[in-house]
Every structure is written in C-alpha cells, then in structure tokens.
Amino acid sequence: IYTTAGAVSTGAFDFDVLNKRLKGFVAKSVTLPDRPVINDAQPGRMNAICISDPHATSFMVVAANKTNTTIHAFEYVKLQQAVDLAPHVGELGSITGTLRKVEPNPNKSPTLVLRIYIGDATIAFSKALLGPPTVTVL
C-alpha cells in the first residue's frame, strides 16, 4: 500500500495504477507498520498513534514518507473494542484489521495520496528498541 502510494507521490505511478494495485486488498486482513504510541494529540503529528481519547474505539493515523513531506495515507482505524493506550506510551503499536475501503484523493494530488479505512482492528504492542519516539510536527 505504502510503496504504491510513495510511487504516486514521486510521479513513478499515476492514480490509475494506484487503484489497480490496491483494489485487491479491500476486504483482506492487513497489518500496518509499527508506530510509536505518544501521549500528545497535537495537529500535525505523523507516523504515530496519538492519544486524544485514552479509551477510544476509533482514531486516525497520518502515514507519511520519512521526511514528512508527503502524506501517503490518512488511516482511519475502528477497533474491535476500546483499548487503554496510556500504559503503552513509548511502545510501538502495530494495527491489524480488515481493509474496508481504499479512497484515492479525488484531486489526484501527489502530496496527499489516499485514505484507507480499517475495521475490526486490534493493536499489538511491543517495546520500542531505540529510546523515546521522535515525531515531527509541521
């Protein structure tokens, strides 16, 4: 998903290729990359699970490239049940769920490529290996 979105952002693929490559993932189980869990829901946070409601059943993650100059996806996550995220601050969270919908940006902007909707999700936590998470704020 992210490799294809990155290729769209660099101009290597167009949105038609994105649609063709990603439509086969809909209704399948997907596991998203590990993201740090942080106790700060400031606007502009990317590549992190930000706690805005410690017992939320849904939230959004902004998945960006390494330099945070392109948003590959807004990930809308609906959990199977509420999870207390606060005890997991500083850990990594990996989200697994069913990909319900892939929605390419209708404006076909290479700086904000798509939205994905994950349902029936769970989060597996693991200890971060490299110290506290670093997250860029725009």
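The values are calculated or read from the model by the stated rules, or taken from the named source; none is laboratory data. Remember, it's a predicted structure, so these values are computed and weren't measured experimentally. Cβ: placed from backbone, ideal geometry, glycine included. Neighbour counts: every protein chain shown.
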Of those in segment 57-86 that are of a type outside the set (A, V, I, L, M) and in contact with a Phe, Trp or Tyr (Cβ under 9 Å, 6 or more places away or on another chain), the residue farthest from K127 (Cα to Cα) is H72
Yes/no for S29 being polar (S, T, N, Q) and touching an Asp or Glu at 6+ places or on another chain (Cβ under 7 Å):
no
Determine the pairs where a residue that is among the basic types (K, R), located within segment 98-114, has a partner that is assigned to a strand (DSSP E or B) with Cβ atoms under 6 Å apart, the partner being 6 or more residues away or on another chain.
R100/Y117; R100/G119; K101/Y117
So, in segment 1-18, exactly how many residues are free of Cβ contacts under 8 Å to residues at least 40 places away in the same chain and of a type in the set (G, A, S)?
2
Within segment 65-83, considering residues that are of a type in the set (D, E, K, R) and out of contact with any Leu (no Cβ under 9 Å at 6 or more places or on another chain), the one nearest to H55 (Cα to Cα):
K78
When you scan segment 43-60, do you find a residue that is within 15 Å of the chain's Cα centre (by Cα), closer than 21 Å to G119 by Cβ and either modelled with pLDDT of 95 or more or aromatic (F, W, Y) (or both), even just one?
yes
Yes or no: A121 over 30 Å from F13 (Cα atoms), in contact with a Ser or Thr (Cβ under 7 Å, 6 or more places away or on another chain) and of a type in the set (G, A, S)?
no
In segment 19-32, anything farther than 12 Å from G97 by Cα and either without any contact (Cβ under 8 Å) to a residue 12 or more places away in the chain or under 17 Å from the mean Cα position of the chain (by Cα) (or both) is listed as K20, L22, G24
Condition met for D40 (among the acidic types (D, E), within 30 Å of A86 (Cα to Cα) and buried (at least 16 other Cβ atoms within 10 Å of the Cβ)):
no
For the structure I just gave you, tell me whether A64 is hydrophobic (A, V, I, L, M, F, W, C), surrounded by fewer than 13 Cβ atoms within 10 Å (Cβ to Cβ) and touching a strand residue (DSSP E or B) at 6+ places or on another chain (Cβ under 7 Å).
no
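Conditions tested, residue by residue: (1) buried (at least 18 other Cβ atoms within 10 Å of the Cβ); (2) in a loop (DSSP other than H, G, I, E, B).
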site	(1), (2)
K78	no, no
P87	no, no
T98	no, no
E103	no, no
K108	no, yes
L114	yes, no
